[in-house]
1. Picking from Ala158, Ala127, Ala139, Ala150, which residue would you name as being within 27 Å of Gln64 (Cβ to Cβ), touching a Leu at 6+ places or on another chain (Cβ under 9 Å) and modelled with pLDDT of 95 or more?
2. Checking the conditions here, which among Ser57, Ser88 is out of contact with any strand residue (DSSP E or B) (no Cβ under 6 Å at 6 or more places or on another chain), under 30 Å from Trp103 (Cα atoms), not aromatic (Phe, Trp, Tyr) and not in a helix (DSSP H, G or I)?
3. Return the only residue of Glu118, Glu133 being touching a Ser or Thr at 6+ places or on another chain (Cβ under 8 Å) and acidic (Asp, Glu).
4. In this structure, does Arg109 turn out to be under 30 Å from Ser44 (Cα atoms) and among the basic types (Lys, Arg)?
5. Among the residues of segment 156-176, which ones are over 16 Å from Glu145 (Cβ atoms) and either touching an Asp or Glu at 6+ places or on another chain (Cβ under 6 Å) or touching a residue at least 24 places away in the same chain (Cβ under 8 Å) (or both)?
6. Which is farther than 21 Å from Asp51 by Cα and not in a helix (DSSP H, G or I), of Leu146, Leu194, Leu169?
7. So which of Lys140, Lys121 is in contact with a Pro (Cβ under 9 Å, 6 or more places away or on another chain), part of a helix (DSSP H, G or I), surrounded by 19 or more Cβ atoms within 10 Å (Cβ to Cβ) and of a type in the set (Lys, Arg)?
8. Restricting segment 30-46 to residues that are of a type in the set (S, T, N, Q) and free of Cβ contacts under 8 Å to residues at least 40 places away in the same chain, which is surrounded by the fewest Cβ atoms within 10 Å (Cβ to Cβ)?
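The values are calculated or read from the model by the stated rules, or taken from the named source; none is laboratory data. Computed from a prediction, not measured in an experiment: that's the story for all the values here. In this analysis, Cβ positions are derived from the backbone assuming ideal geometry, glycine residues included, and neighbour counts consider all displayed protein chains.
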Amino acid sequence: MSDVHEHMEHMEHAEHAAHSNRKIALLIAVLALFLAFSETLGKSAQTEGLDSNIRASDLWAFYQAKNIRQAVLRTASENWTIELASLSDDAKKAALQKQLDAWKKTIDRYESEPETNEGKKELTARATEAEHERDLALAKYHNYELASAAYQIGIVLASAAVITGMIWLAWAAGGLGLIGIVFTTLGLFAPNLLHLG
């Protein structure tokens, strides 16, 4: 009779363990789903950050090229202005003055050119905006990476709970899942909240 009773207890325990394992398997599936979301969002943010960084770098290089051209024209203009004062031939003076006026317009255009958005002033604004976009994308990326780590560790702990039967591991996995959700939400809505520096 005691064998039957022990067998019944063993069956009840196995049924309870199977029910717990189904819950833990569902937890693992949910954590894997959120992991897929955070990984996808993270890759997108990383790509956006790299793209913005390249754009900022290109714009600063273009700014430098404009700055060098402007400096060369200023230097030539200053030299020719001195030479203009020493000329006595009116035709040469007029030709030199015409060239100096053209260079002055070019120097001014290099400084600010709102029509094409390619003056130094406009390039500075565009490059600064690209840097801001890069920083925002990288802040998102870091949040998504932390979320992914939390989900991955949660999946490992939940898997260990199935194997060992230690339910506290499943609870820890659920807690890590919540931490992952917090970081995913931060990445979506407030990426700079933890990146104030």
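1. Ala127
2. From the options Ser57, Ser88, the qualifying one is Ser88.
3. Glu133
4. It is false that Arg109 is under 30 Å from Ser44 (Cα atoms) and among the basic types (Lys, Arg).
5. Scanning segment 156-176 gives Ala158, Ser159, Ala161, Val162, Gly165, Ile167, Ala170, Ala173, Gly174.
6. Leu194
7. Result: Lys140 is the single residue among Lys140, Lys121 that is in contact with a Pro (Cβ under 9 Å, 6 or more places away or on another chain), part of a helix (DSSP H, G or I), surrounded by 19 or more Cβ atoms within 10 Å (Cβ to Cβ) and of a type in the set (Lys, Arg).
8. The selected residue is Thr40.
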